[in-house]
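Written out below as structure tokens is the structure these notes cover.
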Amino acid sequence: MNYWNDQTGWAVGDAGVVIKTTNGGNTWVNIPNPSAQYGGLMWSIQPVDSEVVYAVAGYDFIMKTSDGGNNWIVLSGRPGSITAFKSLYFVNRDTGWFLGSYKVFRTYDGGVTLDSFYAPWFENGDIYFKDINTGVFCGTGRAFKSTDGGENWFDTNVPVIAYHVFMKLGHFENNLWVSGINGGPVFRSTDFGDTWINITPGRNIGAYGIQFTNDSTGYFGRGLHNLIKTTDGGFNWQVQQTDTTHNNLITSLSFVNDSLGWYCGTSGKIYKTTTGGQWLTAIELNSSEMPEGFELRQNYPNPFNSSTKIAFTIKDRGHYKLEVYSILGKTLDVIIDRTIQPGDYSVTYDASHLSSGVYFYRLYSDELYKARKFVVLK
């Protein structure tokens, strides 16, 4: 999925599906195209403006329209091929790159000529160029950089310590972000790939879809219809309110500014926000690894004056409540009352309105219950 402006957007899917909206996603129109004869597994689409749009698919397929989707021309395709173009990026109508298995295609003339260059990795995921010479693509545990328009690539040495599949590349100016679809930390570069640092050490975040609107604000789409947001460049993440009736992967996000954006995934549905998303009561995600049990940990600090952090682990997706109650059993605060995905979480609780004394907090669902005690000292 990719929006050109706040009204016009495109999305692709299986069986050669290409759809378009011109009213901000309120309605979508199916766009006939020639991809079906090449297998029809569409991977990515990019509108350069209101008329010129490029798309890629399986069987090394590339197509282009110059009239907003009324007519398409095939730029590349090999029926029966086991390789595919997964991603593309254009800096203007004529100049762009297509990322495939072991290869990068480049065009300077709108696809009339396709120059083919070797990409030193097989499982390639996403590509981005900040200018006509300087670009980066990511793949399985690697990110490669070019300074000569894609003719040559060198490993930027992302400091991975385990197997990670980088499907998407987050970018804003000189800032880059990657994180594995199978979990793992967030890696960030502030010098366009020359150096990378692990900015979430010991935490398993992971992403199928990535979008950053500036150097601080970004979104990661994950499994089980889980969407998380950062406002400090990726160091900390908080869970967003999403549709609890689906467990699909969120694989694609498109924001045109800090407030207006869309996401979609394997459910076949497209979701829209006009407020930059919605927090799930400031829950902080510590790990996305599949936990082994249900646990409510002791708050820290304890005793405390005004605020404390409460950590907990959820094994099974479900509706949970985290409440604070008095020694007499009266509920004083409901911190969380929502559907939560499996993971390791923490939340900061503000007790400035409570008097000094002993209180309890509990985490429970229909089948699970745990409680602990804390002390407020003022």
Original post:
Any residue in the stretch 287-301 that is under 16 Å from the mean Cα position of the chain (by Cα) and surrounded by fewer than 20 Cβ atoms within 10 Å (Cβ to Cβ)?
Top reply: yes
Subject >> Where residue 362 falls short, out of the listed (1) modelled with pLDDT of 95 or more; (2) assigned to a loop (DSSP other than H, G, I, E, B) >> reply: (2)
Subject >> So residue 101, is it more than 16 Å from residue 132 (Cα to Cα) and either buried (at least 18 other Cβ atoms within 10 Å of the Cβ) or modelled with pLDDT under 95 (or both) >> reply: yes
Original post:
If you check 275, 195, 242, 200, which single one turns out to be of a type outside the set (Asp, Glu), buried (at least 20 other Cβ atoms within 10 Å of the Cβ), modelled with pLDDT of 90 or more and part of a loop (DSSP other than H, G, I, E, B)?
Top reply: 200
Original post:
Say we look at the stretch 2-58 and pick out the residues that are surrounded by fewer than 17 Cβ atoms within 10 Å (Cβ to Cβ), of a type in the set (Ser, Thr, Tyr) and free of Cβ contacts under 8 Å to residues at least 40 places away in the same chain; which of these is farthest from residue 169 (Cα to Cα)?
Top reply: 27
Original post:
Residue check, residue 110 against (1) assigned to a loop (DSSP other than H, G, I, E, B); (2) modelled with pLDDT of 95 or more; (3) farther than 26 Å from residue 138 by Cα, all met but one. Which one?
Top reply: (3)
**OP:** Please name all residue pairs, on different chains or six or more residues apart, with Cβ atoms under 8 Å, provided the first residue is in the stretch 303-318 and is under 14 Å from residue 375 (Cβ atoms) and the second residue is in a strand (DSSP E or B) and of a type in the set (D, E, K, R).
**Re:** 306/350; 307/350
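The values are calculated or read from the model by the stated rules, or taken from the named source; none is laboratory data. Computed from a prediction, not measured in an experiment: that's the story for all the values here. Cβ sites come from the backbone with ideal geometry, for glycine too, and all protein chains shown count toward neighbours.
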